[in-house]
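This report refers to the structure that appears directly beneath it.
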Amino acid sequence: MKRMLAPALAAAAAVLLIHPASGRLQEPMHPPAMDISPASLPVGEGEPKLQAVLARLAALEAEQGPEAAAAYARSRRIALQDGGIVVVAETARGPQTGLAEDAVPLVRARIRALGGSVQTTFQSRIQHVLPIASLRTLAAGPGVIRLRLPLRPFKHTVTSEGVAKTGADEWQALAPYHNGVPAKIAILDLGFSGYKSQLGKELPDEVTVKSFRADNDISGGGEDHGLACAEIVHDMAPLAELYLVNIDTDVEQDQAVDWLNRQGVEVISYSLGWYNAGAGDGTGPIDEDVAVSSAVWAVSAGNGALDHWTGTFTDPDADGILNFSGTDEYLDFYVPAYETVGAFLNWKDWGSFDGSDYSGSNQNYDLFLYRHNGAAYQLIDVSSGAQTGSQWPTEEIFGWYSPSDSYWAVAIRKTSANRSIDLEIFTYGNSRAIEYNVTARSVSIPADSPDALTAGASDAHTDAYHSYSSQGPTFDGRMKPDYGAPSGVSTKTYGSDGFYGTSASAPHLAGAIGLLKGSTPYTMSQVLSIIRNRAVDIGDPGNDFKFGYGRINLKR
């Protein structure tokens with residue numbers, strides 16, 4: 001597969017054009033349309049220690065040179081830094097390494113020897129910058145279990161009146177702090193661009209600020225999503241102490257949670273979600289951050305209800321390609337011009353989770369991304385990592401731009417699998433419900449965590465369900481979300497047009513918890529009981545997979 005696909009993919013990447021005035025992507029000069037079926041492509045052997053996209057980059061570097069590798073990296077929106085890319089080495093510990101001690105010091109030394117630089121380390125994971133030409137060498141060396149791109153979170157926006165809607169204003173009118181201790185609430189997000197201009201206005205006079213990004217940029221490169229969430233938390237709990245904390249990768253989040261524990265933070269507002277970061281049953285490294293935290297997490301359910309498909313592998317024509325319906329082997333989705341396109345596949349064969357990693361899968365599937373050019377499906381990219389028993393059951397393609405309003409599609413090939421397993425797909429960039437949409441079990445990670453309180457989106461004015469709001473149950477059958485919370489509210493950051501998405505819902509829930517904790521003598525357990533018992537039943541009668549126990553409500 002590598003020899004057949006790499007030249008065509010590199011050529012496609014090399015002709016992406018940026019309009020000099022607008023900075024937007026122009027219509028690229030595509031190669032001739034190719035109606036290629038995954039069944040017609042040879043099965044690649046893969047490189048077991050390298051994530052598929054890294055194996056592709058390493059192959060392009062070796063076969064066509066650094067320019068071809070850099071072009072493909074840019075097409076996938078993989079940032080190039082200091083002549084290399086940011087990757088994470090997952091290292092073995094103790095007896096697993098074949099060494100007398102943990103492999104972290106050895107691998108850190110090898111990274112430097114190969115021309116790389118270490119950015120940060122947490123437990124057995126090393127985030128670093130490494131030249132593309134050194135990827136294979138590092139992965140093949142002792143102590144390295146897996147070399148991958150960092151996991152990165154996505155914000156849950158579709159782009160306050162929620163204070164009155166939830167009854168928070170009545171609590172705010174009471175004498176504050178019956179117990180004399182303001183609540184400590186952290187907003188853990190991507191960036192807080194412009195927060196200084198809102199101090200004493202939409203935010204408290206003083207806030208605690210901490211960045212765990214490698215570049216220490218609290219703005220997150222100009223990202224204001226966290227600021228909008230912080231506004232809502234402050235509206236709900238105006239006397240709470242706020243902590244503005246940002247991250248960009250999974251390793252950085254591990255460090256952030258460890259620090260927040262030491263600060264005694266009681267509530268974390270979390271409006272981010274992760275693809276392919278766990279089995280959807282409350283396990284995985286991101287869910288583990290919630291489990292080890294001393295704070296109560298208010299987490300966005302996700303905006304993936306219309307972006308989601310799940311099912312088992314069906315192949316009536318026995319060509320090795322999944323049939324989504326009848327003879328249809330393509331899952332179509334519509335992406336507007338200039339939007340980023342992505343697709344994330346995982347299958348529920350993760351193995352056991354030991355608190356830091358999964359034992360892995362030996363069931364192997366490949367993911368194909370196509371663009372429909374009006375005449376045929378044109379193959380754009382392939383993710384074909386090797387699952388030989390210890391790798392995660394995931395494939396992903398992310399970062400391509402849609403040059404015009406157009407349909408894209410994914411296809412799934414079974415490379416080597418011998419039992420029936422649930423497969424799951426999330427697409428990214430689509431503006432309509434995907435073909436063969438399955439809304440159930442679409443909650444994101446860590447919204448699936450049993451230790452998190454998960455917020456789905458209810459309309460701030462009508463309590464209506466917002467169709468994008470991710471739904472339960474989890475893959476192990478638990479109810480999620482736990483509550484509905486307002487979405488579609490006005491904020492200074494996003495204006496009167498409204499802050500939509502479960503990103504707006506989570507800070508309402510976090511603020512409600514913090515308000516009660518700081519305004520009463522009750523324990524956190526008692527506060528959470530009040531939240532649950534006063535929830536207003538909306539949607540289907542009783543507990544449901546859209547609003548859980550109901551919309552949050554603090555009124556008696």
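Here are Asp224, Asp258, Asp287, Asp250: which of them is within 30 Å of Glu395 (Cβ to Cβ) and surrounded by fewer than 24 Cβ atoms within 10 Å (Cβ to Cβ)? First the steps, then the outcome.
Values: Asp224 fails: within 30 Å of Glu395 (Cβ to Cβ); Asp258 fails: within 30 Å of Glu395 (Cβ to Cβ); Asp287 fails: surrounded by fewer than 24 Cβ atoms within 10 Å (Cβ to Cβ).
The match here is Asp250.
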Legend entry - Which numbered condition Val382 misses (of (1) surrounded by 24 or more Cβ atoms within 10 Å (Cβ to Cβ); (2) of a type in the set (A, V, I, L, M, F, W, C); (3) out of contact with any Pro (no Cβ under 9 Å at 6 or more places or on another chain)): (3)
Inset, instruction - Name every residue in the range 261-284 that is assigned to a strand (DSSP E or B) and surrounded by fewer than 24 Cβ atoms within 10 Å (Cβ to Cβ), in order of residue number. - result: Trp274
Inset, instruction - Pairs only if they're at least six apart or on different chains, beta carbon under 6 angstrom, first in the range 480-493 and surrounded by 24 or more Cβ atoms within 10 Å (Cβ to Cβ) and charged (D, E, K, R), second in a loop (DSSP other than H, G, I, E, B) and modelled with pLDDT of 85 or more; list them, first residue then second. - result: Lys480/Val443; Lys480/Gly472; Lys480/Thr474
Inset, instruction - Name every residue in the range 493-504 that is of a type in the set (Gly, Ala, Ser) and not in a helix (DSSP H, G or I), in order of residue number. - result: Gly495, Ser496, Gly498, Gly501
Legend entry - Yes/no for Ala301 being touching a strand residue (DSSP E or B) at 6+ places or on another chain (Cβ under 9 Å), surrounded by 22 or more Cβ atoms within 10 Å (Cβ to Cβ) and under 30 Å from Gln263 (Cβ atoms): yes
Legend entry - Those residues of the range 82-99 which are of a type outside the set (D, E, K, R), surrounded by 13 or more Cβ atoms within 10 Å (Cβ to Cβ) and either modelled with pLDDT under 90 or closer than 21 Å to Ser356 by Cβ (or both), in sequence order: Gly83, Val86, Val87, Val88, Ala89, Thr91, Ala92, Gln96, Thr97, Leu99
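Residue by residue, here is whether (1) crowded, with 23+ Cβ neighbours inside 10 Å; (2) within 27 Å of the chain's Cα centre (by Cα); (3) outside any helix (DSSP H, G or I) holds:
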position: Ala506; (1), (2), (3): yes, yes, no
position: Ala512; (1), (2), (3): yes, yes, no
position: Ser525; (1), (2), (3): no, no, no
position: Ser529; (1), (2), (3): no, no, no
position: Asn533; (1), (2), (3): no, no, no
position: Ile538; (1), (2), (3): no, no, yes
position: Gly542; (1), (2), (3): no, no, yes
position: Leu554; (1), (2), (3): no, no, yes
Inset, instruction - Return the pairs, sorted by first residue and then second, in which the second residue is assigned to a loop (DSSP other than H, G, I, E, B) and surrounded by fewer than 23 Cβ atoms within 10 Å (Cβ to Cβ), the first residue lies in the range 366-383 and is among the polar types (S, T, N, Q), the beta carbons are less than 9 Å apart, and the residues are 6+ apart or on different chains. - result: Asn373/His30; Asn373/Ala33; Gln378/His30; Gln378/Pro31; Gln378/Pro32; Gln378/Ala33; Gln378/Met34; Gln378/Ile36
Legend entry - First in the range 278-292 and closer than 12 Å to Ala452 by Cβ, second anywhere and modelled with pLDDT under 95 and polar (S, T, N, Q), Cβ under 7 Å, 6 or more apart: none
Inset, instruction - Working only within the range 100-140, note down all residues that are more than 26 Å from the chain's Cα centre (by Cα), outside any helix (DSSP H, G or I) and surrounded by fewer than 17 Cβ atoms within 10 Å (Cβ to Cβ). - result: Ala100, Glu101, Gly115
Inset, instruction - Specify which of the listed residues (Tyr195, Tyr177) is aromatic (Phe, Trp, Tyr), touching a Leu at 6+ places or on another chain (Cβ under 8 Å) and at pLDDT below 95. - result: Tyr177
Inset, instruction - Collect the residues in the range 312-357 that are in contact with a strand residue (DSSP E or B) (Cβ under 9 Å, 6 or more places away or on another chain), farther than 21 Å from Val382 by Cβ, surrounded by 15 or more Cβ atoms within 10 Å (Cβ to Cβ) and at pLDDT 95 or above, keeping them in residue-number order. - result: Tyr334, Lys348, Trp350, Gly351
Inset, instruction - Kindly indicate whether any position in the range 191-210 is within 22 Å of Ala485 (Cα to Cα), in contact with a helix residue (DSSP H, G or I) (Cβ under 8 Å, 6 or more places away or on another chain) and part of a strand (DSSP E or B). - result: yes
Inset, instruction - Filter the range 362-411 down to residues that are among the aliphatic types (A, V, I, L, M) and modelled with pLDDT of 95 or more and give me whichever is farthest from Trp350 (Cα to Cα). - result: Ala409
Legend entry - Residue in the range 462-481 that is modelled with pLDDT under 95, assigned to a loop (DSSP other than H, G, I, E, B) and of a type in the set (Val, Ile, Thr) present: yes
Inset, instruction - Would you check if Arg441 is surrounded by 17 or more Cβ atoms within 10 Å (Cβ to Cβ), in a loop (DSSP other than H, G, I, E, B) and in contact with a strand residue (DSSP E or B) (Cβ under 8 Å, 6 or more places away or on another chain)? - result: yes
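The values are calculated or read from the model by the stated rules, or taken from the named source; none is laboratory data. The model shown is predicted, which means the values in this text are computed figures rather than measured ones. Here the Cβ is made from the backbone with ideal geometry for all residues, glycine too, and neighbour counts use every protein chain on show.
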